[in-house]
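K.L.:
Can you read through this structure? Questions will come right after.
Every number here is computed from the coordinates shown, using simple stated rules; none is lab data. Owing to the predicted nature of the structure, the values given are computational and were not obtained by experimental measurement. Cβ: placed from backbone, ideal geometry, glycine included. Neighbour counts: every protein chain shown.
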Amino acid sequence: MGTNIRLLASNTNVRSFRPYLIAVAALAIGTAGCSSSRTTGPASHSVTTTATHTRTVTTTPHAAAGLTAEQMDAHLGVGVPKGWVPVDFGDARVWVPGSWYLGGASCISGQSPSTFMSVGTETTVVSCDIPQSLAPTQDVELATHTTRSRPIGAHTIHGYRVYDLKSPHAEWNLYEVPELSLRIATRGSLGPRILNTLGPSAHTLALNADYQLIPSTWRKLTEDNVVLDVPPTWTAQVDNFDCSLTTAQVTIFRQFHGVAACGSLQGPPRIAALKTTTVWMYLSPASSTLTPTRNRQPITTLHHGTTTISVYTGQYDPNALDLFVRKARSKITHVLTLWLGRDGRVAGGVLGSVRATT
């Protein structure tokens with residue numbers, strides 16, 4: 001599927017708009033086309049040619065550093081049921097039915113809203129302790145966890161050591177994956193099947209230099225003095241964020257009208273609508289209050305010739321990357337948000353192509 005980049009141009013407080021933004025984004029992204037076909041078999045090992053801005057490199061596709069072929073297949077969803085979609089959190093990914101909804105309360109103790117993601121079959125929050133006989137809901141929660149707990153069992157999934165923990169809620173199963181700094185809680189009969197889809201997230205692949213190469217079939221796209229390489233089928237469109245839906249993979253926002261009038265677009269988005277890779281561009285100079293800020297620690301800093309890219313975890317979506325792009329000796333900083341999508345290799349290619357010309 002495609003990857004999404006946003007260039008933000010103003011400075012409004014996004015937090016108060018976030019439920020509306022996610023819903024609008026979900027619907028807009030959900031209508032966008034895919035840049036690659038769904039993988040139905042194991043990751044390919046055929047020889048391919050990849051072009052960069054400075055050279056052309058012929059390579060045999062291989063797992064990123066620290067990733068096995070088995071983990072790559074897990075990332076691509078090889079063998080998962082038809083209609084299931086990925087849910088990413090930090091370095092981890094699991095696959096769930098595409099009809100499920102994003103949202104819900106935390107049933108893993110000690111989690112703040114910024115340290116967990118919950119998905120499930122219901123649009124309303126169901127008590128963590130309600131019996132399945134009364135509410136036969138299916139839920140999965142992914143949460144940050146860095147402190148080792150005392151396990152009651154262990155097994156391995158796609159090379160990751162998964163520890164069984166005693167759950168404080170009778171209706172839930174609780175697991176810990178230290179390698180991914182992750183806890184996973186599941187409720188319902190699909191829990192074991194979902195757990196067995198565990199793999200690396202798009203975030204993990206996109207930030208790996210092995211996947212920041214640009215296929216020779218991609219084309220260059222220049223907007224607001226930023227150059228990107230994108231899949232050949234991608235299109236770009238100017239939008240004022242006025243509740244209209246776009247089918248373009250690259251959206252250029254010249255101004256922001258707000259989302260107060262987008263009442264029909266509110267409500268919990270289905271997960272399937274959140275998994276297309278696209279680009280949103282907010283034209284500089286960045287004046288919108290929706291622009292991500294840099295009062296955080298960057299994940300990494302990339303140098304593409306005279307361009308420096310400071311990369312942050314998405315301020316308003318953990319499954320995105322905020323990019324602050326600047327050309328050497330320039331006073332202009334271009335702000336982008338890269339939505340990672342299904343296939344982290346697509347996001348990695350886009351990320352590896354970003355250049356500023358002013």
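K.L.:
Cα gyration tensor of region 91-189, axes a ≥ b ≥ c as square roots of the eigenvalues: rounded (a/c below 1.5), prolate (a/b > b/c) or oblate?
P.N.:
Working: a/c = 1.60, a/b = 1.46, b/c = 1.10.
It comes out prolate by the Cα gyration axes.
K.L.:
Could I ask something else about it? List the aspartates and glutamates whose Cα sits under 12 Å from the Cα of residue 331, skipping any in the same chain fewer than 8 residues away.
P.N.:
Cross-link targets: none qualify.
K.L.:
Can you list the aspartates and glutamates whose alpha carbon sits under 20 Å from that of residue 82, skipping same-chain ones fewer than 8 residues off?
P.N.:
Hits, sequence-local ones excluded: 70, 73, 139, 343.
K.L.:
Around residue 108, under 12 Å between beta carbons, what's the net of Lys plus Arg minus Asp minus Glu among the other residues? Don't jump to the answer; show the numbers that get you there.
P.N.:
Values: positive: 183, 187; negative: 139, 141, 176.
Its environment carries a net charge of -1.
K.L.:
Then there is this: Within the set of other residues whose C-beta is less than 15 Å from the C-beta of residue 126, count the net charge using Lys and Arg as +1 and Asp and Glu as -1.
P.N.:
Details: positive: 187; negative: 122, 129, 139, 141, 171.
Taking every Cβ under 15 Å from that of residue 126, the sum is -4.
K.L.:
For residue 220, which aspartates and glutamates qualify as cross-link partners when the Cα separation must be under 13 Å and same-chain residues fewer than eight apart are set aside?
P.N.:
229
K.L.:
Continuing with this model, one more query. Got a sec? How would 229, 73, 88 order by Cβ neighbour count within 10 Å, fewest to most? Don't skip to the end; give the middle numbers.
P.N.:
Values: 229 22, 73 18, 88 25.
Neighbour counts put them in this order, fewest first: 73, 229, 88.
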